1. How do the pairs read when you match residues in region A:121-148 that are within 11 Å of chain B (Cβ to nearest Cβ) and touching a residue at least 60 places away in the same chain (Cβ under 8 Å) with residues anywhere that are open to solvent by less than 30 Å² (accessible area, probe 1.4 Å) and assigned to a helix (DSSP H, G or I), using Cβ under 6 Å and keeping only pairs 6 or more apart or on different chains?
2. Determine, yes or no, whether A:ALA116 is out of contact with any Asp or Glu (no Cβ under 9 Å at 6 or more places or on another chain), touching a residue at least 12 places away in the same chain (Cβ under 8 Å), within 14 Å of chain B (Cβ to nearest Cβ) and surrounded by 21 or more Cβ atoms within 10 Å (Cβ to Cβ).
3. How many residues does region A:15-42 contain that are surrounded by fewer than 24 Cβ atoms within 10 Å (Cβ to Cβ) and either farther than 18 Å from A:ARG287 by Cβ or among the basic types (Lys, Arg) (or both)?
4. Give all pairs with beta carbons closer than 7 Å in which a residue from region B:191-208 that is more than 7 Å from chain A (Cβ to nearest Cβ) meets a residue that is assigned to a loop (DSSP other than H, G, I, E, B) and of a type in the set (Asp, Glu); count only pairs at least 6 apart in sequence or on separate chains.
5. Would you mind telling me which numbered condition in (1) open to solvent by 50 Å² or more (accessible area, probe 1.4 Å); (2) more than 10 Å from chain B (Cβ to nearest Cβ) A:ALA256 fails?
6. Look through A:GLU64, A:GLU68 and report the one residue that is surrounded by fewer than 17 Cβ atoms within 10 Å (Cβ to Cβ) and more than 14 Å from chain B (Cβ to nearest Cβ).
7. Tell me the residue from A:ALA58, A:ALA103 that is within 25 Å of A:PRO9 (Cβ to Cβ) and of a type in the set (A, V, I, L, M, F, W, C), please.
8. In region A:239-276, what residues are assigned to a strand (DSSP E or B) and either at negative phi or of a type in the set (Val, Ile, Thr) (or both)?
There are 2 protein chains.
Amino acid sequence: MSPGPPRRPAVVIHAGAGERRPEIDERQAEYRTALLTTVDRARAVLEGGGSAVDAAQAAVMFMEDEVEFFNAGRGAALCSDGTVELSAALMRGSDRGAGAVAAIKRTRYPIAAARAILDRSPHVLLVGAAGDRFAAAAGAEQTDPSYFITERQRDRLVAEPARFERGTVGAVCLDEQGMLAAATSTGGMRGQLPGRVGDSPVIGAGTWADGRVAISCTGDGEAFVRAGAARLLALRVADGEPVDRAADGALAEVAALGGHGGLIALDAGGELAMPFHPGAMPRGVWRSGHEPAVWA
Amino acid sequence: MSPGPPRRPAVVIHAGAGERRPEIDERQAEYRTALLTTVDRARAVLEGGGSAVDAAQAAVMFMEDEVEFFNAGRGAALCSDGTVELSAALMRGSDRGAGAVAAIKRTRYPIAAARAILDRSPHVLLVGAAGDRFAAAAGAEQTDPSYFITERQRDRLVAEPARFERGTVGAVCLDEQGMLAAATSTGGMRGQLPGRVGDSPVIGAGTWADGRVAISCTGDGEAFVRAGAARLLALRVADGEPVDRAADGALAEVAALGGHGGLIALDAGGELAMPFHPGAMPRGVWRSGHEPAVWA
C-alpha cells in the first residue's frame, strides 16, 4: 500500500439552514467575520498538523460560544417550557468512532461532551443528565442551565412560540493524514417539547463520518431521521457517486418526506457539497492553498 | 396502476441475539410456547385485516409483558445503578412515519409510548421523562419504575455486573394491504450507564421500515449505530438486492466494526431473513397459508 499523494486539509462549516433573517442581512459584515473566525478555528488546528476530529470540534466550540449569530450552545432555541436542551455528535471517519449527547443542560460546550464519549466510553449516545455527568467526569466545563438562555431567544419564544425555527451548527474536516470527521451541535427547534431529539445527535441521520465522506445536516430533523439522510449519502459515495450528486440525492429524499434543510459533505479527496433548500444556509469553506470563503 | 396480486400477510419476531443460556435449553417447550404465542398475537391482528403497525405492536407488547423469557419491558436488563431504562421504536413503511422513546421509566408498554408518538406527534424521538409524559397524556398505562425490576435481573447484575448481556425483542410484519412495519423494544445492556441509548430506538440503526422492507436488529447496539445497519440493509434492498443478501451484508458491516448480533428483515413480497452470529437468536415466523415456526 503506497501512502498516496499528500492530502489537502479542508474545512466546511454551516450555521443552520432556514429562513433568511432580516437582522442578519443588516449585519452582513459582522456575520461574515463570525463565519470566517469559525473556519479559522478549524484551519489553525489542521495547519498545525492536528486531527480532523480536533478541527471539527474547534469550529463547533466557537459557534456554540458565539451568541449573536449562531443558535447552538449559548443562544440556542428554547423548548416550549423556556428551557434549553442541547444535543451534539462527533464522528471520526477512520474507525467510525462516535460520541453523542442529547437533551443535556449543563455542559458549556455540548460538542465537548460528545468528544468525551468518543474518547472514553464504549457507548455512543448518552441522554439527559447522564450526558452532563459523563462530560463533567471527563473534565468538560459545567455551567448553570440558565447560562444558555438569552434574552433574544426568550423574546422569540414569546413572539412566535409555534414557529419551529432551527438552530444547528456543524463542521466537517479533512486532515493531512486523509482522515475525516464530522461534528454537529444544536438546541433543537424553538418551541419543541422538552425531551425531543432531532437528527443532529443521531448517527446516520444528521451526523456521519467514515473513510470516504464526512457529513453534517441541518433542517427539519424528523425528516432527516426518517430519510436516514447521512447514511444514505455516505452509501452513495461508497457506491462511487460524486459527493455533490449524493448530497442532492439525500436532500431529495428528505424533501420527499416533506422536509427541508441543508447539509455539508466533504470527501476524502477534498471534494465537497453544501446544498440547501429553501431559504439560506450560512456556510464557509477553507482548502489548503486557497483563501477561505464564506456565504452569510 | 393495477393493485397486483393479493399480498400474503407475514410475521417475523426475534427475542434478542446473544449467548445461549443453559436455563433456556432446559425449558425448551415453555420457551417455544412463548415464541408461538408472540407470533400468534401478530397473526391474529393480520388475519383480522389489521395493519402491520398494529400487528408488530401486539407482538412486542406480549414480549414486553412476558417476564420469564423476554428481557424487554418487565424483566429488562438493569442499568449499573440497578434501575431499568426502556427504549422502543415503531416505524410504518407506507409513509416512513416513526415514533421512538429512549430512557423512559414509567410506561408499562414502551412500544405503546412509541406508538403514541407515531400517531400523535410531529416529533420522532422523545427521551427520558418526556417520553413517559407524552405516553401518559395519550392514555398509555403508567406504572411505578420498580414494576420492571425482577429478582432474576437483580441477581444477574450482582453476579455478573460487567457482562453486557442484551435483552431486545422485535417484530416485523406485512399486512394484506402490502404495508410493512417494524417494532423493537429493549432495556438495553445489563450494567449499562443510565442514560445510555443503543440502536433499538435509533431509526436507521436498530429499527427501519419503508415501502420495501421492515427491519429490527439486536446485538451490540453501538456497532449497529456506527454501521447504520438498518438503513444500509434497506438501501441495498432498494438497489435490488435480495433481502437475505442485504441482511448478511449489514451484519458483515457490523462485524467489521467489532460488533455481533442479529436481525430480522421482511420485504414487501414476503421474503425474509433472520441472520445472527454468533450464539443464539430465538425467533419465529408465520406466513399466511403456513403453520407458524419457531426456533428457541
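1. These pairs meet every condition: A:VAL124/B:GLU222; A:VAL124/B:VAL225.
2. Yes: the conditions hold for A:ALA116.
3. Summing the residues that are surrounded by fewer than 24 Cβ atoms within 10 Å (Cβ to Cβ) and either farther than 18 Å from A:ARG287 by Cβ or among the basic types (Lys, Arg) (or both) in region A:15-42 gives 17.
4. Listed pairs, sorted by first residue: B:GLY206/B:ASP199.
5. It fails just one condition, (2).
6. Numbers: A:GLU64 fails: surrounded by fewer than 17 Cβ atoms within 10 Å (Cβ to Cβ).
Within the list A:GLU64, A:GLU68, the selection yields A:GLU68.
7. Only one candidate qualifies: A:ALA58.
8. The initial filter retains those residues of region A:239-276 that are assigned to a strand (DSSP E or B), namely A:261-267, A:272-273, A:276.
Hits for region A:239-276 are A:GLY262, A:LEU263, A:ILE264, A:ALA265, A:LEU266, A:ASP267, A:LEU272, A:ALA273, A:PHE276.
The values are calculated or read from the model by the stated rules, or taken from the named source; none is laboratory data. Because the structure is a prediction, the values reported are computed rather than measured. Cβ: placed from backbone, ideal geometry, glycine included. Neighbour counts: every protein chain shown. Just so you know, the surface numbers come from the protein's heavy atoms only, side chains and all, with ligands and any DNA or RNA stripped out. Shrake-Rupley method; radii C 1.70, N 1.55, O 1.52, S 1.80 Å.
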